[in-house]
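Values in this text are rule-based calculations from the coordinates and carry no lab data. Since the structure is predicted, the reported quantities are computational estimates derived from the model, not experimental observations. Virtual Cβ from ideal backbone geometry, glycine too; neighbours counted across all protein chains shown.
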Amino acid sequence: MIQLKTDEQIEGIRQSCHMLCELLDSLEDGKIIKEGMSTKDIDTYCHDWITKRHAEPACLHYEGFPAATCISVNDEIIHGIPKANKIIKDGDLVSVDLCINLKGYISDSARTYIVGGKSTAQAEKLVKVTRECLYKGIEAASQPHARVMDIGAAVFKHADKNGFGVVREYCGHGVGFDVHEDPEIPNYVSHSLGNPRLREGMVFAIEPMITMGSRNIIDMPDGWTVVTADHKMAAHFEHTVAITRNGLEILTQI
Ligand code: MF3
Ligand code: CO
């Protein structure tokens, strides 16, 4: 069931989303996500940043997830578990994905960061195209009378045109009161999922997960980490958006 949100509730979710945007912005300067840091160091930074502001990291303990953030490096696509012995190298792609709970309102956003200066042209293209896929999806969702599958169609088209793979096993989703709500928002056109019309009061996360090679994945035995089957790189960008009376608003962008 899709839970529509009131203006007041959207304002609460907006504040949570703006906080999350500020946190992800603060990681852009390369002081925390850099060669020699562990993924656990990044997680600790995010955890402390959030709790200092009297909010909670909503991924922590969500369905048993053991950390504040999902940090996925190179061939890891999503849901990587931060680890003290996972050390970041120059040229790595580091995807940071997390949710904040501020006064009961949940935000969800992710970005892939390029570490240092040694990345390949193809890795940089992957990150650029994945970010563009997110904005193609947002643009599709902004059209009058848009439906959920318009998002997936737009994301898929852009990734495919650039020769990249689109992960199917994981999707975007409603968000705001809980980390995962209805509806599911696939990054391709699914004929088995529902195709609801986007309407005022809906709040959801669009999150393309794009691969340099094959779209096939492996779910790792840790129960969380999802990696590419061919161990080629992946990228992931995610925004929480709301459909308001004034149209679509990207909440996790200030
Ligand atoms: N953005 C992630 C998702 O939608 C957040 C999940 S929190 C976790 O899957 F605990 F499940 F990792
Ligand atoms: Co999400």
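Each of H236, H145, H47 was scored by other Cβ atoms within 10 Å of its Cβ. Listed from fewest to most, they are H145, H47, H236. Rounded, prolate or oblate for the chain? Axes are the square roots of the Cα gyration tensor eigenvalues, ordered a ≥ b ≥ c, and the cut-off for rounded is a/c under 1.5. Since a/c reaches 1.5 but b/c is at least a/b, the shape of the chain is classed as oblate.
Using alpha-carbon positions, what is the distance between the centroids of the stretch 216-249 and the stretch 100-124, in Å? For the stretch 216-249 versus the stretch 100-124, the Cα centre distance is 11 Å. Pull up the cross-link candidates among the aspartates and glutamates for K5, meaning alpha carbon to alpha carbon under 18 Å and not fewer than 8 places away within one chain. Cross-link targets: D108, D178, E181, D182, E184, E200, E249. Counting beta carbons within 10 Å around each of H158, H18 and listing the fewest first gives the order H18, H158. Taking 13 Å as the straight-line reach from the Cα of K83, the aspartates and glutamates in range (excluding those fewer than 8 positions away in the same chain) are D41, D43, D222. Counting only residues at least eight positions apart within a chain, or on another chain, the lysines with an alpha carbon under 21 Å from that of K52 are K31, K40, K103. Across the chain, the mean sequence separation of Cα contacts (distance under 8 Å, 6 or more residues apart), normalised by length, yields a relative contact order of 23 percent. For the stretch 84-135, which trypsin sites (Lys or Arg not before Pro) are in a loop by DSSP, counting at most 15 other Cβ atoms within 10 Å? Hits after loop and neighbour filter: K89, K103, K118.
Which shape class, rounded, prolate or oblate, goes with the stretch 140-254 when its Cα gyration tensor gives a ≥ b ≥ c as root eigenvalues, a/c under 1.5 marks rounded, and past that a/b bigger than b/c marks prolate?
Numbers: a/c = 1.99, a/b = 1.61, b/c = 1.24.
Prolate is the answer for the stretch 140-254, as a/c is 1.5 or above and a/b outweighs b/c.
If each residue's Cβ is checked for other Cβ atoms within 10 Å, how do D48, D160, D43 rank with the fewest at the top?
In increasing order of surrounding Cβ atoms, one gets D48, D160, D43.
Can you bin the stretch 99-205 into rounded, prolate or oblate? Criterion: square roots of the alpha carbon gyration tensor eigenvalues sorted a ≥ b ≥ c, rounded for a/c under 1.5, prolate for a/b above b/c, oblate for the rest. It is oblate, given that a/c is not under 1.5 and a/b is not larger than b/c.
Helix-only estimate, please: 222 nm mean residue ellipticity of the chain, summing -39500 (n - 2.57) across DSSP H runs of length 4 or more and dividing by its residues, to the nearest 500. Write out the running numbers ahead of the final one.
Numbers: 4 runs with 69 residues, N = 254.
Result for the chain: -9000 deg cm²/dmol, rounded to the nearest 500.
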